[in-house]
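Presented below is the structure to which this report refers.
The values are calculated or read from the model by the stated rules, or taken from the named source; none is laboratory data. Fair warning: this is a prediction, and the values are worked out from it, not measured in the lab. Counting neighbours? That spans all protein chains shown, and the Cβs are built from the backbone with ideal geometry, glycine included.
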Amino acid sequence: MMLEKDLATRLLMSDFDSDNLEIVPIGSPEGIDDDYELPANLPILPVRNTVLFPGMVIPVTVGRQKSIRLVKKAYKGNRIIGVVAQLNQQKDEPTADDLYRFGTVAYIIKMITLPDGNITIIIQGKKRFELQQIVQEEPFMTAIVRQLDDSFPNATKKEGKALIQSLKESAYKMLRLNPEIPQEARIALDNIESPMFLLHFLSSNLNAEVADKQRLLETLDGAPQAQLLLEYMMREVQLLELKREIQSKASSDLDQQQRDYFLRQQIKVLQDELGMDTPDRDLEDVRARASQKKWSTEVRGHFEKELNKLQRINPMAPEYPVTMNYIELMVDLPWNEYSKDNFDLKRAQKVLDADHFGLEKVKERIIEYLAVLKLKNDMKAPILCLYGPPGVGKTSLGRSIAKALGRKYSRMALGGVHDEAEIRGHRKTYIGAMPGKIIQNVRKCGTSNPVFILDEIDKVSSDFRGDPSSALLEVLDPEQNSTFMDNYLEVEYDLSKCLFIATANALDTIHPALRDRMEIIDITGYTVEEKVQIAKKYLIPKQRKDHGLKTKDLQIDDKALVRIIEGYTRESGVRSLEQKIGTIVRKVAKSIAMEEEYPKAIKVADVHKMLGAEIFDKDLYTDDDIAGMVTGLAWTQVGGEILMIETSLSRGKGILTLSGQLGEVMKESAVTALSYLKAHADDLNIDYRLFNNYDLHIHVPAGAVPKDGPSAGITILTSMASIYTQRRVRPFLAMTGEVTLRGKVLPVGGIKEKILAANRAGVKEIILCSKNRKDVEEINASYIKDLKFHYVDNVAQVLDVALLPEKVGKPMKFILPDERDNNQPQQPATPPVQTDIERVTVY
C-alpha cells in the first residue's frame, strides 16, 4: 500500500517561488467542486503506470508533445480532461486501440512548467466514464464519452457495513506490517466516512499492477468492487506476513560472521544506490587510470605488484588504506606529462618587464634558457639561486617566470625546515607516512615540469632528524635529479625538467656543496629613481585596489614619493615603501568613508601630515671638522649601509680600545692597521712616541648592532692616520677594502649594495680596490652617474686620496716626555713596539 496523495498534497499546500519553475495559479476554488459541465468532445490524456480514481488527487508529469498541447489548452479553458490508462505502457504514441475503455474525468488543479520543458499537473478525479468514439487524434486526442455514476446500494446494510469494516481492518494490518507507510495514513483512514471514497482511496493507494487497478475502476457496483478490493488487500497482507516471517527466521539463524557479511552487502547496496565508491569500484578506477600512464617497465611492474597485494587485503584491515593511498599517489603523479612551453620570446620579455621593474640580469638569463630550449627542444633545466636582500622581488619573480614560460607554479618555503623527511619523505613502514614536499607539490601541479620556488634556502636548519640541506643535494643536482628517489615513493622520479629557482638573503649560511650546484644570480637593491618607478607602476595601483579606491581618488606626486623613500624608509627593497604607501591609502579611504575633505594629489607637504615626523635623515653623511672621522661602507642582509668610524687619542700608555660590538675580524683589522702605522710612522710624519704615550680608542656607532668583516680595514687605518697626523678626511668620501700588514688593499664583496647605500647617504667619492673595478662595471650606469671612484692598490694611495694636506683648524697639541723635561737626553729612535691582540680592550 502506498500514499500517492503525499506529493500532490505537498504541491497543493506549498507556495513555489523558484527561478527554475514556471507556476501557473490555480484559479478560483469553485473549479474543484463537482459542479462542472462535461464538454461534448472530451480531451483524452493517456497515462502510463497510473489509474486515476474519482476523488483522488495525484501528480502527473506530461512529456509528450500531444499531451503538453492538450494540457495547456485545457488549462486555459475549463480545465476538464479525461485520464485513461494505456494497455501497452511502452508505447510512446498511443492510439485508440492502445487505451482501456474506461477512464476518469479529471480537473486540473495546478500546472507547473519544469526547466526541461516537461509539465507536471496536479489533477483531481471526478467521475468514471466509458469511451464511446474517438473524434480526433491531432493535435491531441478527443472523444465522445458516457459519464458513469458511482453506486453502493448495500452500504447501509449489515453486509455492506461488514465489507467496509473488513477493508479498514485489512488496511490497518497492512499499516502495521509495512513500516514504510507513514503513520498519517491511519489518521486519513479514520477520517473517511463515505464508502465510495474509501473504496477509491484504498484502490488508488493499493500496491498492485495497473491491470488490477483498472479492473477495480471498471467495476461500477460498490459491493463487487469492495469484494475485489478486499481480495487484493488480503493477498497483499499475506505477502507482508510471509516476508516478516522469513526475515524473522533468517535473522535467528545468522551467526556473527554471517551477520557481518550481510551488513557489508547492505552497505555495498546503499553505496551503489548513493553513487559512493566501493573497494571494488576504487580498484577498477585505479586500474583504468594506470593503463593510461606513461610508465617505464620497472615502474609498471612495481605498480602491478602493489596492486595485487592490495587486492589480497581485507578492505576492513588497517593496511588497506595505507596501501590504497600509495597506489593513488602513483596514479596521481604526472609521470612524463609536461605542460607545453610558450616559446614566444618577445611575449616572455613583455611579461617579465610588466611584472618587475629592473632585474635585467635575471630576465636575460630566463630569455637565454627559453631560447636554447626553443632551438634544442630538450634541455635540462638550470638550478638558479636568486640572491639578494629582502623586498627586492625574488619570490614574486618566480611566479612571473612561470607565467612567461606558460608553466605551472609551485612554491615551497624552506625557512625553519629541519626534518630530512620534508624533502625525501617518510618510509611507508612508519605510521602517518607521506611523501616529501617535492613529490607532493609535483602531484599538486599535475605536470612534471613546473617552475619550483625553493624559498629562503639559506634558512634551512638541521637537527637530530637529519640535514635537509644534504637531502636537497640530489634535488638540485642537474646530473642526479633525473633519478630522484623519494623514500615513500620507492621508485625513481624524473625532476630534471623542473625549473628550480631558490631564493636566499645570504650565501654564507648555504651548504657549500649545495651552493656549488646552483647558478647564483645577484639581485641587489634599487635606487631612489627605481623605487619611484616601482611605486608608480606597481605599489600604488596595488594598494588602491586592495583598499577599494579608484585612480581618480588618489595620486601621489613624484617628489612626495622621494620624500617617503628618503625620510621614512631605509632599505634595499620596497617592502617598507609599500607599507608607508598603504598607510597613506588607508587614511584617504577613511576620509572618503567619513565624507571628509582630503588632498587627492599627495604633495610633499602632505607627507608629513599623514606619516608624521621623518624617521631617517635624508643625508647620513657627517662632515665634522675634526680628525679621526671616516665614513666606511658595509654590507648587511637587508642591503648596504654606511659605517661611521670615530677615533680619539688620550694621554695614557698606548692601549688600544675598541667599542661598538665588533666581531673578531674587525678587531684583527684594527690591530693590523695600527701595526702598519707603527711600521711606517716616519713615512707618514707620525712621532713614534705617540704610540706609547697616548691611548687609542676606536668606536663604531650603533653599538647594539653586531658588526664584523674585513671590508672596514682601510677605513679604520685611515681613521687612525687622520687622528695621528691631525689631517682631516676629504668631505663626502667613503671607502671599503681589506688591508694587510704590508699595506696592500684587497677586494671585498657586496659592492653594488655598498654603492647604493653611499648614493642614498649623499656620498660623492668612493675608494675601492682596483680589483673591484669589474664589480662597478656590472652596475647600471644610471646608478653611479653622480659618483667618482678612486681605485687603489695600497694604503699609501688610500691616504693620498683620503687625507687633506692641511691640518684641522685647531689641531690637538701632543705633550711628549722630552717637552716636559728639556734637560733629559733625546731618546734614540727605536723600532716600534708590536701591539698584539691581548692588549686590546673591547667594550
Report yes if some residue within the stretch 427-441 is assigned to a loop (DSSP other than H, G, I, E, B), touching a residue at least 12 places away in the same chain (Cβ under 8 Å), surrounded by fewer than 21 Cβ atoms within 10 Å (Cβ to Cβ) and among the β-branched types (Val, Ile, Thr); otherwise report no. no
Identify the single condition in (1) assigned to a helix (DSSP H, G or I); (2) farther than 16 Å from Ile453 by Cα that Gly398 does not satisfy, given that it satisfies every other one. (2)
State whether the residues of the stretch 504-513 include one that is under 30 Å from Lys444 (Cβ atoms), among the hydrophobic types (A, V, I, L, M, F, W, C) and part of a helix (DSSP H, G or I). yes
Working carefully through the options Ser400, Ser461, Ser469, find the one that is farther than 20 Å from Ile327 by Cα, in contact with a Gly (Cβ under 9 Å, 6 or more places away or on another chain) and surrounded by 23 or more Cβ atoms within 10 Å (Cβ to Cβ). Ser400
Mind checking which residues of the stretch 63-82 are more than 21 Å from Asp150 (Cβ to Cβ) and either at pLDDT 90 or above or assigned to a helix (DSSP H, G or I) (or both)? Gln65, Lys66, Ser67, Ile68, Arg69, Leu70, Val71, Lys72, Lys73, Ala74, Tyr75, Lys76
Going by the conditions given, is Thr524 assigned to a loop (DSSP other than H, G, I, E, B), touching an Asp or Glu at 6+ places or on another chain (Cβ under 6 Å) and in contact (Cβ under 8 Å) with a residue 40 or more places away in the chain? yes
Based on what the data block shows, is Thr503 hydroxyl-bearing (Ser, Thr, Tyr), in the same structural domain as Lys437 (by TED's automatic domain parsing), under 27 Å from the mean Cα position of the chain (by Cα) and at negative phi? yes
Which ones in the stretch 288-317 are out of contact with any helix residue (DSSP H, G or I) (no Cβ under 7 Å at 6 or more places or on another chain), more than 22 Å from Asp494 (Cα to Cα) and in a helix (DSSP H, G or I)? Ala288, Asn308
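Yes/no matrix, rows are residues, columns are (1) surrounded by 16 or more Cβ atoms within 10 Å (Cβ to Cβ); (2) touching a Lys or Arg at 6+ places or on another chain (Cβ under 7 Å):
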| residue | (1), (2) |
| --- | --- |
| Gln147 | no, yes |
| Ser151 | no, no |
| Glu169 | no, no |
| Met174 | yes, no |
| Ile181 | yes, no |
| Met196 | yes, no |
| Ser203 | yes, yes |
| Lys213 | yes, no |
Given (1) in contact with a Gly (Cβ under 9 Å, 6 or more places away or on another chain); (2) in a strand (DSSP E or B), identify the lone condition not met by Ile134. (1)
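Give the stretch 518-561 a look and list any residue that's small (Gly, Ala, Ser) and more than 15 Å from Gly388 (Cβ to Cβ), or say none.
Those that are small (Gly, Ala, Ser) and more than 15 Å from Gly388 (Cβ to Cβ): Ala535, Gly548, Ala560.
Here's the yes/no breakdown for (1) under 26 Å from Val528 (Cα atoms); (2) part of a loop (DSSP other than H, G, I, E, B); (3) acidic (Asp, Glu):
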{"position": "Phe357", "(1), (2), (3)": "yes, yes, no"}
{"position": "Lys361", "(1), (2), (3)": "yes, no, no"}
{"position": "Leu373", "(1), (2), (3)": "no, no, no"}
{"position": "Leu386", "(1), (2), (3)": "yes, no, no"}
{"position": "Pro389", "(1), (2), (3)": "yes, yes, no"}
{"position": "Asp419", "(1), (2), (3)": "no, yes, yes"}
If you check Leu163 against the conditions, is it within 60 Å of the chain's Cα centre (by Cα) and modelled with pLDDT under 85? no
Which of the residues spanning the stretch 706-724 are modelled with pLDDT of 90 or more and of a type outside the set (Gly, Ala, Ser)? Ile714, Thr715, Ile716, Leu717, Thr718, Met720, Ile723, Tyr724
Top-ranked residue of the stretch 95-124 - restricted to ones that are more than 18 Å from Ala85 (Cβ to Cβ) and not in a strand (DSSP E or B), ranked as farthest from the chain's Cα centre (by Cα): Asn118
Do you know which residues across the stretch 770-791 are within 23 Å of Gln533 (Cα to Cα), surrounded by 15 or more Cβ atoms within 10 Å (Cβ to Cβ) and among the hydroxyl-bearing types (Ser, Thr, Tyr)? Tyr783
With the checklist (1) at pLDDT below 85; (2) within 30 Å of Lys380 (Cα to Cα) in hand, flag the one item Tyr526 doesn't pass. (2)
What pairs come up if the first residue lies in the stretch 671-688 and is exposed (fewer than 15 other Cβ atoms within 10 Å of the Cβ), the second is of a type in the set (Ser, Thr, Tyr) and not in a loop (DSSP other than H, G, I, E, B), and their beta carbons are under 7 Å apart, counting only those six or more places apart or on different chains? Asn685/Thr725
If you check every pair at least six apart or on different chains, which have Cβ atoms under 7 Å apart with a residue in the stretch 744-768 that is under 14 Å from Val798 (Cβ atoms) and not assigned by TED's automatic domain parsing to the domain that holds Glu566 first and a residue that is in a strand (DSSP E or B) and β-branched (Val, Ile, Thr) second? Val745/Val739; Val745/Val792; Ile767/Val792
Going through the stretch 659-670 in order, the residues found to be buried (at least 19 other Cβ atoms within 10 Å of the Cβ) and within 16 Å of Thr740 (Cβ to Cβ) are Met666, Ser669, Ala670
Inspect all residues belonging to the stretch 504-521 and state whether any of them is out of contact with any Cys (no Cβ under 8 Å at 6 or more places or on another chain), at pLDDT below 80 and either among the hydrophobic types (A, V, I, L, M, F, W, C) or closer than 28 Å to Phe303 by Cα (or both). no
Residue pairs qualifying under the 9 Å Cβ cut-off, at least six apart or on distinct chains, with the first in the stretch 805-824 being among the basic types (Lys, Arg) and the second being in a loop (DSSP other than H, G, I, E, B) and at pLDDT 65 or above, are Lys807/Ala627; Lys807/Gln726; Lys810/Asp625; Lys810/Ile626
Restricted to the stretch 442-491, and to residues that are under 16 Å from Ile501 (Cα atoms) and assigned to a loop (DSSP other than H, G, I, E, B), which residue is nearest to the chain's Cα centre (by Cα)? Pro450
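Any residue that is part of a helix (DSSP H, G or I) and in contact with a Ser or Thr (Cβ under 8 Å, 6 or more places away or on another chain) - is there at least one of those in the stretch 204-212? Write out each step before concluding.
Going residue by residue through the stretch 204-212, those that are part of a helix (DSSP H, G or I) are 204, 210-212.
Imposing the further condition that a residue be in contact with a Ser or Thr (Cβ under 8 Å, 6 or more places away or on another chain) reduces the set to 210.
The answer is yes, given that some residue of the stretch 204-212 is part of a helix (DSSP H, G or I) and in contact with a Ser or Thr (Cβ under 8 Å, 6 or more places away or on another chain).
Return the residues of the stretch 492-510 that are surrounded by fewer than 17 Cβ atoms within 10 Å (Cβ to Cβ) and under 26 Å from Val331 (Cβ atoms); say none if nothing qualifies.
Glu492, Asp494
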Residue by residue through the stretch 551-597, note down the ones that are in a helix (DSSP H, G or I), surrounded by 18 or more Cβ atoms within 10 Å (Cβ to Cβ) and among the aliphatic types (A, V, I, L, M). Ala560, Leu561, Val562, Ile564, Ile565, Leu577, Ile581, Ile584, Val585, Val588, Ala589
Out of all the residues in the stretch 412-457, which are in contact with a Pro (Cβ under 7 Å, 6 or more places away or on another chain) and hydroxyl-bearing (Ser, Thr, Tyr)? Thr447, Ser448
